[in-house]
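Shown next, in structure tokens, is the structure this report addresses.
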Amino acid sequence: MLHDIDTGKAGPFGEAMEEAVRNCVHCGFCLAVCPTYAELGQELDTPRGRIVLMKEVLEGGLEIEEALPHLDACLGCLACESACPSGVNYRNLISPFRALAEDQCSRPLGEKVRRRLVSWVLPHPDRFRTAARMAGLIKPLAGVLPRSMRSMMDLLPSPLPVEQKLQERYEAQGEHRATVALLAGCAQQVVDPDINAATIDVLTRSGVEVLVPRDQTCCGALSWHVGDHRAAREFARRNIEAFPEVDAVITNAAGCGSGMHEYPLILRGTEDEERAAELAARVVDVSVFLEQLGGPGEIPDRGEEVTIAYHDACHLSNGQGVRSEPRRLLGRIPGVKVVELRGAHLCCGSAGTYNIDQPEVAASLGEQKARAIMESGARVVASGNIGCLTQVKMHLGKLDVSIRVRHTVQVLRDAMDGI
Ligand code: SF4
Ligand code: SF4
């Protein structure tokens, strides 16, 4: 697309944003896969429309506030990137643009306070645990609360799982095959700490020593995707210091893995850019790592047939190009048949804080995903992202359907235990 963007004015992300705009040829191939276009039906809520809006703001011909409602409505699911024949790197445009916008735009006070509060609470497990407990106490008042708060409360498990403190090191069982470091995540530790327990269990039983660096922090993805690039940089820097030289840095939440792969962009133009690239190159989703290892340890045959639906978390499939590995891993379990979901490419509406920011669209997408899971005939649905798991669980619950919702590593761990 022809443009008149002055990259010098757009700061360290200017060239990345300019390249994304330039590569868009306006063909519209991305429209068919964009969930917000399907929901809202407007050109300005398509990837192509958003690229034009961002271009016009960057050129100085449009006020940020005019573009913002359409950019806020973007899930950041990156389905458009996967579908784009011109290789438009949409993530290199939307997140840097949001960072720029948050510095320059004026938002209503209530919205500002809500965004600040979410950024202050969610990336910190202790703060989030306290907030979740308080939310549990005021749940009976949910009916009089704003929809965004009700959506958030609906996502919280009741009762909240007991906190599980992680050790700094877990020994490999049997022959030592690798040493990895685990990103423990933030919200996931509070909402479903069993995911980390299952990850460590499957890895150690597969001959992998697991380190959990004490000084690690939130990956920073949440801050990055809401435009708080200062916080995202700080998180990225602290993780660069915290993670040791190991065979791989393991993530088990798609959003975190995708976020850590973006560290070189987040730290672009700083002295830490090179180290960010080194760390990002070692980050790998647990499903990919286990497949590279040749599969997990032994899985007994229970002599039972089980149908499992696999839900692609956008930040695994579109964000990291991970599609086949989790399916292959699940398929290694004797008796398991993995089935595909109708509309598998569509985001479930979780997308970080999207449930809070855009509750109507999030609810519609969540219900559609739950119905597709119901139709699949599966007894279990597996996915690789805590946000998707909580969203899908909530919407299956609303439809009164009892299908087990599990992280891929939880399914594997249970199968290794013969459960
Ligand atoms: S598919 Fe790619 S090139 Fe075509 S309009 Fe969408 S972003 Fe632009
Ligand atoms: S990231 Fe997702 S919601 Fe946003 S424009 Fe691309 S396809 Fe649409």
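The values are calculated or read from the model by the stated rules, or taken from the named source; none is laboratory data. Since we're looking at a predicted model, the values are computed, not measured. Cβ placement follows ideal geometry from the backbone for every residue including glycine, while neighbour counts extend to all protein chains displayed.
Just a few scattered comments:
- Here residue 220 qualifies as farther than 25 Å from residue 382 by Cβ, small (Gly, Ala, Ser) and either touching a strand residue (DSSP E or B) at 6+ places or on another chain (Cβ under 8 Å) or in the same structural domain as residue 279 (by TED's automatic domain parsing) (or both).
- Only one of the listed residues (230, 268) is in contact (Cβ under 8 Å) with a residue 24 or more places away in the chain, closer than 22 Å to residue 15 by Cβ and surrounded by fewer than 24 Cβ atoms within 10 Å (Cβ to Cβ). That residue is 268.
- The range 198-218 - residue that is assigned to a loop (DSSP other than H, G, I, E, B) and touching a Gly at 6+ places or on another chain (Cβ under 7 Å) and, of those, farthest from residue 178 (Cα to Cα): 206
- Any pair with Cβ under 6 angstrom, 6 or more apart, that starts in the range 63-88 at a residue that is assigned by TED's automatic domain parsing to the domain that holds residue 33 and in contact (Cβ under 8 Å) with a residue 60 or more places away in the chain and ends at one that is more than 14 Å from ligand 2 (Cβ to nearest atom) and outside any helix (DSSP H, G or I): 86/25
- The range 16-36, residues that are outside any helix (DSSP H, G or I) and more than 9 Å from ligand 2 (Cβ to nearest atom): 24, 25, 26, 27, 28
- For beta carbons closer than 9 Å, sequence separation of 6+ or different chains, a first residue in the range 37-49 that is outside any helix (DSSP H, G or I) and a second that is of a type in the set (S, T, N, Q) and at pLDDT 95 or above, the qualifying pairs are 42/36; 46/36.
- Filter result (without any contact (Cβ under 8 Å) to a residue 24 or more places away in the chain and not hydrophobic (A, V, I, L, M, F, W, C)) within the range 50-59: 56
- For residue 240, the criteria (1) in a helix (DSSP H, G or I); (2) in contact with a helix residue (DSSP H, G or I) (Cβ under 7 Å, 6 or more places away or on another chain); (3) buried (at least 19 other Cβ atoms within 10 Å of the Cβ) hold in every case but one, which is (3).
- Here the range 33-55 is the region considered, the condition is being among the polar types (S, T, N, Q) and away from ligand 1 (no atom under 13 Å from the Cβ), and the residue that is surrounded by the most Cβ atoms within 10 Å (Cβ to Cβ) is 36.
- The number of residues in the range 61-91 being surrounded by fewer than 24 Cβ atoms within 10 Å (Cβ to Cβ) and either of a type in the set (Ser, Thr, Tyr) or away from ligand 2 (no atom under 12 Å from the Cβ) (or both) comes to 13.
For (1) touching a helix residue (DSSP H, G or I) at 6+ places or on another chain (Cβ under 8 Å); (2) modelled with pLDDT of 95 or more; (3) hydrophobic (A, V, I, L, M, F, W, C), each residue gets a yes or a no:
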| site | (1), (2), (3) |
| --- | --- |
| 37 | yes, yes, no |
| 44 | yes, yes, yes |
| 53 | yes, yes, yes |
| 79 | yes, yes, yes |
| 93 | yes, yes, yes |
| 103 | no, no, no |
| 112 | no, no, no |
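- Conditions (1) more than 12 Å from ligand 2 (Cβ to nearest atom); (2) surrounded by fewer than 21 Cβ atoms within 10 Å (Cβ to Cβ); number of the one not met by residue 58: (2)
- Within the range 1-32, considering residues that are near ligand 1 (Cβ under 9 Å from one of its atoms) and buried (at least 19 other Cβ atoms within 10 Å of the Cβ), the one farthest from the chain's Cα centre (by Cα): 24
- Among (1) loosely packed, with under 13 Cβ neighbours inside 10 Å; (2) within 30 Å of residue 157 (Cβ to Cβ), the one test that residue 106 misses: (2)
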